[in-house]
Every structure is written in C-alpha cells, then in structure tokens.
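The values are calculated or read from the model by the stated rules, or taken from the named source; none is laboratory data. All values derive from a computational prediction rather than experimental measurement. Cβ coordinates were reconstructed from backbone atoms using ideal geometry, including for glycine residues, and neighbour counts include every protein chain displayed.
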Amino acid sequence: MSEGPKARPFWQAKPLAALTAEEWESLCDGCGKCCLVKLEDEAAPDTVYFTDVACRLLDLATCRCTDYASRSRLVPGCRRLGPDRLGLLELMPPSCAYRRIAEGRGLPEWHHLVSGDRSAIHRAGRSVRGRAVSESEVAEDALEDRIVEWPHRDC
C-alpha cells in the first residue's frame, strides 16, 4: 500500500501573508541580522547599509532577542516584521528566510526547518555570532565606521 504524495512544507504551500503566527515565528532562521543597526542613505532612500553593531537586546551568543515580547517598546526603532508588514522585507538581508521565501528562493540547507538543527546556521557562518558587537559598546557617531558588506552576501 502506498502512502501517497508527501505534503509540501507550509513555507512552500502558503504565501507569507497566509501564515499562522506559529508558522511565521518558526520561519525565522535565528541569524540576528535583522537586529543589526542599519543606516539609510538620505540621498538614496532605498539604500540600506548594515553595520556590525547589534541592538542592545540581542544576545550575541544565541542570536536571539533577550526580550522579544517587549522589543518594540524597549527599542523604539525596532521594526516588527510580520505577515501584515511584508513591505519591510526590503530592509532585511538577502539571506533572511522571509525574504528568500517572498522572492521564491526557498530555504537554504542550513535553515533549521530543512536541516532539523537550530545550530546549523551558526556552524555555516550565516549568523551574527562572532561578527557583531553590542550597540552599548559603540558610540552613535562611530556607526558609519562600522558598515559591513557580509549581511548582503550571506545568501
């Protein structure tokens, strides 16, 4: 007796806007790149520069927010990405799982929903672990000196 066709994973079967809250949260790869301080070019508003400076709430070892539930209140500049805010995907790095799905690129082999291992992203060198410093260690006027290219390349 055959089992029939295997069901496609939710991220292949549904558009991002249709994901449940649980599906949405599980799609996050835990890279921490969205928590890097970004600088927007006033002369070219669509241009975003990533720094290697992370939000003070980001745990640099786990690449997870230390107060996820209150992050928007504690960090006024924190932008909450969600199925109803897909326009913010352009501010995410190209490797972001949400952005990859929106662009039809699928999930990479190191993503935990593919690999079954939440640490695979760190072993693959695709997270901010070991590459970022906390904003509490960097003066605001030094941010321009901290611009990095690797968040744009880690696809």
Within the range 79-97, residues being closer than 25 Å to Gly125 by Cβ, in contact (Cβ under 8 Å) with a residue 24 or more places away in the chain and surrounded by 14 or more Cβ atoms within 10 Å (Cβ to Cβ) number 8
Expected single match for touching a residue at least 60 places away in the same chain (Cβ under 8 Å) and under 13 Å from the mean Cα position of the chain (by Cα) among Ser127, Ser134 is Ser127
TODO: Test Leu36 against the stated conditions and say whether it is in contact (Cβ under 8 Å) with a residue 60 or more places away in the chain, touching a Leu at 6+ places or on another chain (Cβ under 7 Å) and either over 19 Å from Val128 (Cβ atoms) or not basic (Lys, Arg) (or both).
DONE: no
Scanning the range 106-117 for residues that are surrounded by 13 or more Cβ atoms within 10 Å (Cβ to Cβ) and either free of Cβ contacts under 8 Å to residues at least 12 places away in the same chain or among the β-branched types (Val, Ile, Thr) (or both), the one nearest to Glu25 (Cα to Cα) turns out to be Val114
From the option list Ser95, Ser70, Ser26, single residue qualifying as in a loop (DSSP other than H, G, I, E, B) and of a type in the set (S, T, N, Q) is Ser95
Counting only residues in the range 58-96 that are within 15 Å of Val128 (Cβ to Cβ), touching a helix residue (DSSP H, G or I) at 6+ places or on another chain (Cβ under 6 Å) and among the aliphatic types (A, V, I, L, M), the one modelled with the lowest pLDDT is identified as Met92
Among residues of the range 42-53 being in a strand (DSSP E or B) and among the hydroxyl-bearing types (Ser, Thr, Tyr), the residue nearest to Arg129 (Cα to Cα) is Thr51
Based on this model, can you work out whether Leu39 counts as under 23 Å from Arg153 (Cβ atoms) and part of a strand (DSSP E or B)?
yes
